[in-house]
Amino acid sequence: MGAGRVPHPSPSGAGAVAGSVEDPAPETPAADEVVEPAAASEATTPDTPKPEARASGSPEPKVNATDAPTAVVPPASPPPGIDGPTTFLPDGARRGGTGTGSARPRGNGRRRPGPPPGPRTPTSGPIPVGPDGALVPGTVIADRYRLVSQVGRDRGADAVLWKARDTTLERDVAMTLLVGGWQADARASSALSRATRSAYFAHRHTARVLDVIQPGSSRLPAGVLGAAVAEWTPGRDLAELVAGGPLSPSASLRVVEPLAQAVADAHRAGLVLGLDHPQRIRVTSRANARLAFPMPRGDATVDDDVRGLGAALYLLLTARWPAGDGATPAGLKAGPRTSAGAPVPVRDLRPGLPVGLAALVDRTLDATGGIRTAAAVHGLVRQLREGAEDDGVLLPLTEDGVQLDDDGDAVWHPDDDEPEHHHDPATRRKLRIGVTLLVLAVLAIVAFLAFQAVSLLGGGPSSGPPLVIPTSAAAPPATQATVPTVPPPPAPAGPVQLASIAVYDPSGNPDNPGQVGRAADNDPSTAWSTSDYRQQFPGLKPGIGLMTTFRAPSRVSQVVVRSTSPGTTIEIRAASAPNVPVAQTQLLGTGTVSGDTTTIPVQAGAPTSNLLVWVTGLGQSDGGYSSEIAEVTVVGAG
């Protein structure tokens, strides 16, 4: 045991433990103090010294297991008789250990004061994580944000999406953690810089960035290279929203419209939002969609945001994610793709969709020449919503089984209290007519005032001598100019025999392909018709046509079109193959349907095997746009 310890009698007569004279025991906090009692008898403690002297006439103190001398030793080396650490409570009771006897805490029995309340200073050392370095709930990021639950993973950006708790301000936050493949990649710093810049962008449909954690600025778990903290958005993400199946067209447009508005405003401010993953988007209790995790990839572009809007619509309408890089989120099915690697047209998965909505989705996802601006997507979505009845199927929303009433923890934005104004078409029409009349009235007043001013300053019509043009000054003879001669159209011959006729649509979504045979059956009473559109070409698509293929290459003099859709504009184009793009065809002639039969002469050219009847403008019908073609006759050249 080392140096001997001498017991001294306490005022009550019982033996008390005195500190070692030569090597006092190290002092430890009372709350964690471990005191090891001696053995029950001297027979089991041969190193325990006996008293050397006692007062004369005083009775010899009785030594038993209760008041035997004890020694305080470090908790790492428990002596025999105690099989574990022993903690003494304020009332003298003992917790832990299985040895016999009792002991009292040394000193005066008072507990040392604990650390003051409030945030603790950062400590050193690694942050505890789960097996294999995985992040687990309870991990504290930057000594402030405690992870609560993982809500998603964006593998394309090597980011993990977490719901966390701000322990300083006691509120829920959304954290985007950069992990994995971002190590030694310059895109990580670019993504964090973009998150910092987006903190200045305040929009009601985008979560506000509250904090950006740069690498090296705070303690981060191993493998985490940075994080962005945003306000928490209660509700469900898009993957959870379609877990029970696709949404209706009106509900899908209602979800996407605020997102398109946010993306358009961000692009006008020179920012990229990174709206390209369904778990980054959450739908609030008011059925408004918000970008809940606003930190784009370092190499993201505005085109990625626009295609993200189309992907969101595709997902809501089909419950399939049109990802082409294999980064389909967990719980979602990947959409099928064509042989060229593009998503299949949305009407292949859901044939009953309106044509205008399907064209918007397909052209937004088209990476070769579709819709490329978020403002155009927002305008088209608003137009489609005006003609669709909102069924309100998104309300109410729940989170963790609890219905959400409001967004109490959300950061206030300046435009949160501004109501959304949606005027019906009749009100818009009246407004346009009123503005037009007002502009005409202003122009008339300005013209009248200008005439009066000219008359006043010029002195009237008799203020000067009349201008006389001498009759002897004859105009010089005009020189003969070389006028290029346009070859006359070739003389008509008999009709060209057709081998086939098909609907031609570069977007891959042909209109009524089963009726195309009616346009070449020599029966004017039957007709092929386009779909009904709410917007004139080229709003949703550049046009649609009929591709005719001849049995043998032939020269064409004219094309006769029988149609009952006045106002339909048609181009006649020669094509080297039935499936070539419009840009690779040759324009031969144009015409506009004005009666039952329209003859369109074409320029003389080389023989061709394919002729495209390309409709670039539709006729009006019942408040929309559509055209019918009853018969197409190709006349050869003599």
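Taking the numbered list (1) of a type in the set (A, V, I, L, M); (2) within 25 Å of Leu332 (Cβ to Cβ); (3) modelled with pLDDT under 90 in turn, Leu225 passes all entries but (2).
Filtered by the rule that a residue be modelled with pLDDT of 85 or more and within 38 Å of the chain's Cα centre (by Cα), segment 481-513 gives Val503, Tyr504, Asp505, Pro510, Asp511, Asn512, Pro513.
Hey, can you tell me all the residues within segment 231-244 that are within 14 Å of Asp154 (Cβ to Cβ) and open to solvent by less than 10 Å² (accessible area, probe 1.4 Å)? Asp237, Leu238, listed by residue number. Looking across segment 145-163 at every residue that is surrounded by 20 or more Cβ atoms within 10 Å (Cβ to Cβ) and more than 20 Å from the chain's Cα centre (by Cα), the one that is nearest to Trp321 (Cα to Cα) is identified as Leu147. The residues of segment 318-334 that are surrounded by 15 or more Cβ atoms within 10 Å (Cβ to Cβ) and more than 21 Å from Arg372 (Cβ to Cβ), listed by number, are Thr318, Ala319, Arg320, Trp321, Ala327, Thr328, Pro329, Leu332, Ala334. The residue that is farthest from Ile501 (Cα to Cα), among those in segment 627-638 that are in a strand (DSSP E or B) and open to solvent by 20 Å² or more (accessible area, probe 1.4 Å), is Ala637.
Can you tell me which residue in segment 549-565 is farthest from Thr373 (Cα to Cα), limited to those that are crowded, with 20+ Cβ neighbours inside 10 Å and of a type in the set (A, V, I, L, M, F, W, C)? This residue is Val556.
The conditions of being modelled with pLDDT under 90 and among the basic types (Lys, Arg) are not met by Arg562.
Scanning segment 578-593 for residues that are modelled with pLDDT of 90 or more, assigned to a loop (DSSP other than H, G, I, E, B) and open to solvent by 10 Å² or more (accessible area, probe 1.4 Å) yields one hit, Thr585. Restricting attention to segment 516-548 and to residues that are surrounded by fewer than 16 Cβ atoms within 10 Å (Cβ to Cβ) and in contact with a strand residue (DSSP E or B) (Cβ under 6 Å, 6 or more places away or on another chain), the residue that is nearest to Ala342 (Cα to Cα) turns out to be Gln536. Against the condition aliphatic (A, V, I, L, M), open to solvent by 10 Å² or more (accessible area, probe 1.4 Å), under 20 Å from Tyr625 (Cβ atoms) and in a strand (DSSP E or B), how does Val503 come out, does it pass? For Val503, the condition - aliphatic (A, V, I, L, M), open to solvent by 10 Å² or more (accessible area, probe 1.4 Å), under 20 Å from Tyr625 (Cβ atoms) and in a strand (DSSP E or B) - is met. Scanning segment 594-626 for residues that are under 48 Å from the mean Cα position of the chain (by Cα), open to solvent by 30 Å² or more (accessible area, probe 1.4 Å) and of a type in the set (Ser, Thr, Tyr) yields Ser594, Ser609, Thr616, Ser621, Tyr625.
The set of residues in segment 308-318 being closer than 18 Å to Pro354 by Cβ and either part of a loop (DSSP other than H, G, I, E, B) or of a type outside the set (A, V, I, L, M, F, W, C) (or both) consists of Gly310, Tyr314, Thr318. Quick check on segment 222-245. Is at least one of its residues part of a loop (DSSP other than H, G, I, E, B) and of a type in the set (S, T, N, Q)? Yes. Within segment 250-269, does at least one residue satisfy the condition of being assigned to a loop (DSSP other than H, G, I, E, B), in contact (Cβ under 8 Å) with a residue 40 or more places away in the chain, out of contact with any His (no Cβ under 6 Å at 6 or more places or on another chain) and within 21 Å of Ala334 (Cβ to Cβ)? Taking every residue of segment 250-269 in turn, none turns out to be assigned to a loop (DSSP other than H, G, I, E, B), in contact (Cβ under 8 Å) with a residue 40 or more places away in the chain, out of contact with any His (no Cβ under 6 Å at 6 or more places or on another chain) and within 21 Å of Ala334 (Cβ to Cβ). Restricting to segment 341-368, give me the number of residues that are on the phi < 0 side of the Ramachandran plot, surrounded by fewer than 17 Cβ atoms within 10 Å (Cβ to Cβ) and either assigned to a helix (DSSP H, G or I) or small (Gly, Ala, Ser) (or both). Adding up the residues that qualify gives 4.
The values are calculated or read from the model by the stated rules, or taken from the named source; none is laboratory data. Because the structure is predicted, anything quoted here is derived from the model rather than measured. In this analysis, Cβ positions are derived from the backbone assuming ideal geometry, glycine residues included, and neighbour counts consider all displayed protein chains. Just so you know, the surface numbers come from the protein's heavy atoms only, side chains and all, with ligands and any DNA or RNA stripped out. Shrake-Rupley method; radii C 1.70, N 1.55, O 1.52, S 1.80 Å.
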